[in-house]
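The values are calculated or read from the model by the stated rules, or taken from the named source; none is laboratory data. These numbers were taken from a predicted model, which means no experiment stands behind them. Ideal geometry is used to build each Cβ from the backbone, glycine not excepted, and the neighbour counts take in all protein chains shown.
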Amino acid sequence: MEINRPSRLLVFTLFFTAFSPFSLPTGLWGQTTDRLPEADLAGNPATLPWKAFTFKSDLDASDIQAEFQEASGQAVFSYLSPASSPKKVFARPASATLAGNCGAWNSFFCINVPSILPVAGSVSNMAVHTYINSFKVSWAYQNTQDQDDLYVYSLEFDSQMNFLTSSNTKILDFIIYQNKDTGPILTFRPPAFLALDPSGRPHIALVMEDGSDRPTLHYISPDATPSTPCDDDPSPFQCEIIDSSLSSIYANQALEITGSYSPRILYQGNDSFQHKTFTRIAYPQSNSLYHPNCGPFSNSWRCVNITETAYGNSPLSMDVGPNNRPAFAYVNTDNSSSKAAVWVASFVGSEGNCGEDYRILSASPFTIGTDNLWDCRQVGVIGSLPSYKSLSLKVDPDNFPVVAYNSSNGLSFDLKLAYPLARIGQPGSGWTSIKVDGTALIDTGHYVSLAIGKAGRGFLAYVEEEDYSPNLKIAYQVLRAFLPLLRR
């Protein structure tokens, strides 16, 4: 067998999966492989093309969340199956030791998440934590078998996707918690929002309402010496009221924990005094020089209006990058029309255009004052606002925010990605967008969820409405390998 010299190479492109839930056919390389090495063979992973597949036809899934787990560098996702008795389904890639039972070519293994018997609508987002050789996925929910109290259910798997263990942890007894409050009886308004800290411990943000429907934002965290126990003493969790200043708090929220274990809560609400709807960030800040204005202990947090929005209760999505700086996506008005548009707010620390907050203005003389610490900008046009969740933001390993969203093509909606030009090595401070999936007359991208791994490659899970027959789909970036043509 002769291999042509480089000068005479006939080169072809072979596409194969970036996170590789599919195994390559035996003989293509002389052996099979379950996943690719983390090294990016194509240079910048942001420029890799996307490939979309139907995961399951005729499935009107909702509440989709996708995340990467780095035990094997692969994406996993969960969704709500619309059966007569809705079930949360968790999908993980098949492996050499785990035969697949779902997805294209049975490339995934799907299970109904056991032990979750939730109050309808109470299941939180999915959170993922990676250990050295294993990973954990978790959901918060109200347990119908225990007076609708708040639990966190977790599953742990090894790097080959084999099941290891499960746990079901009671977080909050609502009756006891309500009795600790000297004011009106509080009612939980689901869902809760869950994040796992760098140690894998659960943190939860949720909204409670009193008899007048006035909302209060609460934060639950693990603490060895809790200040306000959620349950009977002693309790491994503390519950704190963070914000009770708004006349309404909308259902869409987000919670992230930084690498230094500091929470960031994102939420939207209406300020009855200003008659405006704000998108707000809450974070711990006990230094009196920075004027804490919310939280426990007579104010030990800052609750900051990042931006006013024309679309209350619009989708929100937040992530924290490797540099511990958050970014989030939200819906607001298009700069040049009355249409809805996708906006991204990124924490820049100084000289931004939104999110006025306190910072050190001068070291000598020492001066603390206010500055716009966030950059808010429009990154894409939606058109008419879809009535489904249509935003998902992740920060990539190089700290660039990337947002997946729906955009009108005039007849239906396409699934698009937007990110800064600098992410793909282009000059300027602007953003660009690409179409990932979508055709005329088919709305594509309902309930979209974006995940980006440490290698920089992406994964999407979403629904397309094909002639009123929805399909659950996935899309992922593929590597391009340029190989010499072999001649005998």
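Does Ser384 satisfy the condition of being modelled with pLDDT under 90, buried (at least 24 other Cβ atoms within 10 Å of the Cβ) and over 26 Å from Thr130 (Cα atoms)?
No.
For Thr307, only one of the following conditions fails: (1) under 21 Å from Tyr405 (Cα atoms); (2) without any contact (Cβ under 8 Å) to a residue 60 or more places away in the chain; (3) in a strand (DSSP E or B). What is its number?
(2)
Out of the residues in segment 133-149 that are more than 18 Å from the chain's Cα centre (by Cα) and in contact (Cβ under 8 Å) with a residue 60 or more places away in the chain, which is surrounded by the most Cβ atoms within 10 Å (Cβ to Cβ)?
Ser134
In segment 281-290, what residues are surrounded by 14 or more Cβ atoms within 10 Å (Cβ to Cβ) and not in a helix (DSSP H, G or I)?
Ile281, Ala282, Tyr283, Pro284, Gln285
Take the residues in segment 401-421 that are surrounded by 15 or more Cβ atoms within 10 Å (Cβ to Cβ) and either of a type in the set (Ser, Thr, Tyr) or more than 29 Å from Ala61 (Cβ to Cβ) (or both), then tell me which one is farthest from the chain's Cα centre (by Cα).
My answer is Ser412.
Conditions first: (1) at pLDDT below 95; (2) in contact with a Phe, Trp or Tyr (Cβ under 9 Å, 6 or more places away or on another chain). Phe77 passes all but one, so which condition is the exception?
(1)
Residue by residue, here is whether (1) free of Cβ contacts under 8 Å to residues at least 12 places away in the same chain; (2) surrounded by 19 or more Cβ atoms within 10 Å (Cβ to Cβ); (3) over 19 Å from the mean Cα position of the chain (by Cα); (4) outside any strand (DSSP E or B) holds:
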| site | (1), (2), (3), (4) |
| --- | --- |
| Gln253 | no, yes, no, no |
| Ile265 | no, yes, no, no |
| Pro292 | yes, yes, yes, yes |
| Ser314 | no, yes, no, yes |
| Asn323 | no, no, no, yes |
| Tyr330 | no, yes, no, no |
| Ser338 | yes, no, yes, yes |
| Trp343 | no, yes, no, no |
| Ser346 | no, yes, no, no |
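Being more than 23 Å from the chain's Cα centre (by Cα), at pLDDT 90 or above and acidic (Asp, Glu) is true for just one of Asp334, Asp375, Asp371, Asp396. Which residue is that?
Checking each option against the conditions leaves just Asp371.
Please go through segment 73-97 and pick out each residue that is hydroxyl-bearing (Ser, Thr, Tyr), out of contact with any Leu (no Cβ under 7 Å at 6 or more places or on another chain) and either buried (at least 23 other Cβ atoms within 10 Å of the Cβ) or farther than 20 Å from Val137 by Cβ (or both).
Of everything in segment 73-97, those that are hydroxyl-bearing (Ser, Thr, Tyr), out of contact with any Leu (no Cβ under 7 Å at 6 or more places or on another chain) and either buried (at least 23 other Cβ atoms within 10 Å of the Cβ) or farther than 20 Å from Val137 by Cβ (or both) turn out to be Ser78, Ser84, Ser85.
Report yes if some residue within segment 352-368 is among the polar types (S, T, N, Q), modelled with pLDDT of 90 or more, more than 23 Å from Leu255 (Cβ to Cβ) and part of a strand (DSSP E or B); otherwise report no.
Yes, there is a match, as at least one residue in segment 352-368 is among the polar types (S, T, N, Q), modelled with pLDDT of 90 or more, more than 23 Å from Leu255 (Cβ to Cβ) and part of a strand (DSSP E or B).
Hey, can you tell me all the residues within segment 98-110 that are crowded, with 16+ Cβ neighbours inside 10 Å, touching a Phe, Trp or Tyr at 6+ places or on another chain (Cβ under 8 Å) and farther than 11 Å from Phe55 by Cβ?
Of everything in segment 98-110, those that are crowded, with 16+ Cβ neighbours inside 10 Å, touching a Phe, Trp or Tyr at 6+ places or on another chain (Cβ under 8 Å) and farther than 11 Å from Phe55 by Cβ turn out to be Leu98, Gly100.
I'd like to check something: does segment 400-407 contain any residue that is over 21 Å from Gln268 (Cβ atoms) and out of contact with any strand residue (DSSP E or B) (no Cβ under 8 Å at 6 or more places or on another chain)?
no
Is there any pair linking a residue in segment 425-440 that is free of Cβ contacts under 8 Å to residues at least 60 places away in the same chain and surrounded by 11 or more Cβ atoms within 10 Å (Cβ to Cβ) to one that is assigned to a loop (DSSP other than H, G, I, E, B) and among the polar types (S, T, N, Q), with Cβ under 9 Å and at least six apart or on different chains, and which?
Going by the 9 Å Cβ cut-off, the qualifying pairs are Thr432/Gln426; Lys435/Asn409; Gly438/Asn409; Gly438/Ser412; Thr439/Asn409; Thr439/Ser412.
Return the total of residues in segment 116-132 being more than 18 Å from the chain's Cα centre (by Cα) and assigned to a strand (DSSP E or B).
Here the count works out to 1.
For segment 134-215, which strands (runs of 3 or more DSSP E) that fit wholly inside it have 1 or more residues that are within 26 Å of Ala91 (Cα to Cα) and either of a type in the set (Phe, Trp, Tyr) or at pLDDT below 90 (or both)?
Because the criterion is at least 1 residues that are within 26 Å of Ala91 (Cα to Cα) and either of a type in the set (Phe, Trp, Tyr) or at pLDDT below 90 (or both), the strands (runs of 3 or more DSSP E) in segment 134-215 that meet it are 134-143, 149-158, 163-172, 187-196.
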